[in-house]
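J.: Quick one: the structure is below, questions incoming.
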Amino acid sequence: MAEIVRAHGGQLFEYGPLTVRRLRPESGFNPITRIDLISMKTGAIIEEHPQVNDEILSYVWRGSVVDQHTDGERYTLSAKRTLLINAASEIRHTESAPLYQAEMLQAVIRPSLAEGTSRVQMLERNESTAENQWTLLAGPENSNAPLVLRQDVTIYDIKLGRGETVSVPEAKGLNSWLIVLEGVVSVDGSRLHKADTLSSHTPLSSVTAERDALMLLFIVDDAAPVVASGSWNGQ
């Protein structure tokens, strides 16, 4: 059975030049703590903050964002550059949009174990999101995903042209959470607009773009063990 959550004002938080739409999954998505859709005006800064026992995916689809770490490392994110932080031990960083207004999805996922070495992974693509075909962005070690998560969560993106229809990646025995970042789509008879989400405990069949659309898909094992002591746990 699918459940739709429409974008609404109660999800929004404004912090000066930042607007955050906080999405929380329905039941069946225990490893995911939260997903934020963040709008950053030029010059916006997310002040230095710690991450520990978190997996943080930062997906920019408009503009650019700079992620500055206290160890001196600096990462520039864009539609061609997606960042994943595996924060096994504490990582402190600042995020900003110094040059351009930016739109970013940021997902915080609880790992299965509070062990291992922290690392930062970057997925670089020659072009931005592929058109009319799903691209595997991140997944557990056995998934062959370019970005490796310490959890049984798999993440895809797609840019779907108006009038195009594609099958949704297989999720047998797992739960699917679809997020519309841009455009209008129809999924199994339900119409979704920008910032709407659809969650399902059964496989989704196909999605059709009624307008040019950009989407992310999370496939989640709700029974996977999770660490309960992450920076964002319960927030």
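J.: Every residue in region 165-181 that is within 25 Å of Arg62 (Cα to Cα) and surrounded by 17 or more Cβ atoms within 10 Å (Cβ to Cβ), please.
T.: Once the filter is applied, which keeps residues that are within 25 Å of Arg62 (Cα to Cα) and surrounded by 17 or more Cβ atoms within 10 Å (Cβ to Cβ), region 165-181 yields Val168, Ser176, Trp177, Leu178, Ile179, Val180, Leu181.
J.: Something else about it: Would you check which residues across region 61-71 are within 23 Å of Gly139 (Cα to Cα) and open to solvent by 20 Å² or more (accessible area, probe 1.4 Å) and list them?
T.: Scanning region 61-71 gives a single hit, Trp61.
J.: Continuing with the same structure: What's the number of the only condition in (1) open to solvent by 50 Å² or more (accessible area, probe 1.4 Å); (2) under 15 Å from Leu18 (Cα atoms); (3) without any contact (Cβ under 8 Å) to a residue 60 or more places away in the chain that Arg74 fails to meet?
T.: It is condition (2) that Arg74 fails.
J.: Do any residues in region 171-191 that are closer than 18 Å to Arg22 by Cα have Cβ atoms under 8 Å from those of residues that are in a strand (DSSP E or B) and open to solvent by 30 Å² or more (accessible area, probe 1.4 Å), where the two are at least six apart or on different chains, and which pairs are they?
T.: Note: pairs meeting the criteria are Leu181/Trp61; Glu182/Trp61.
J.: Any residue at all in region 147-163 that is free of Cβ contacts under 8 Å to residues at least 40 places away in the same chain and assigned to a strand (DSSP E or B)?
T.: Within region 147-163 (the criterion being free of Cβ contacts under 8 Å to residues at least 40 places away in the same chain and assigned to a strand (DSSP E or B)), the answer is no, since none of the residues qualifies.
J.: Would you mind stating whether Leu181 is outside any loop (DSSP other than H, G, I, E, B) and under 15 Å from Ala2 (Cα atoms)?
T.: No: the conditions fail for Leu181.
J.: Could you say which residue among Ile109, Ile85 is of a type outside the set (Ser, Thr, Tyr), buried (at least 17 other Cβ atoms within 10 Å of the Cβ) and free of Cβ contacts under 8 Å to residues at least 40 places away in the same chain?
T.: Of the residues listed, the single one that is of a type outside the set (Ser, Thr, Tyr), buried (at least 17 other Cβ atoms within 10 Å of the Cβ) and free of Cβ contacts under 8 Å to residues at least 40 places away in the same chain is Ile85.
J.: A further question on this structure: Going by the structure shown, is Ser112 touching a Pro at 6+ places or on another chain (Cβ under 8 Å) and outside any strand (DSSP E or B)?
T.: Taking the combined requirement at face value, the residue satisfies it.
J.: Still on this model: Of all residues in region 184-199 being under 17 Å from the mean Cα position of the chain (by Cα) and among the small types (Gly, Ala, Ser), which is nearest to Gly28 (Cα to Cα)?
T.: Looking at the filtered set, the residue picked out is Ser199.
J.: Just name the residue that is least open to solvent (accessible area, probe 1.4 Å) out of those in region 18-60 that are outside any strand (DSSP E or B) and within 24 Å of Gly183 (Cα to Cα).
T.: Restricting to residues being outside any strand (DSSP E or B) and within 24 Å of Gly183 (Cα to Cα), the top hit is Pro25.
The values are calculated or read from the model by the stated rules, or taken from the named source; none is laboratory data. These figures come from a predicted structure and were not determined experimentally. Neighbour counts run over all protein chains shown; Cβ positions are idealised from the backbone, glycine included. The accessibility values were calculated without ligands, DNA or RNA, using every heavy atom of the protein model including side chains. Shrake-Rupley method; radii C 1.70, N 1.55, O 1.52, S 1.80 Å.
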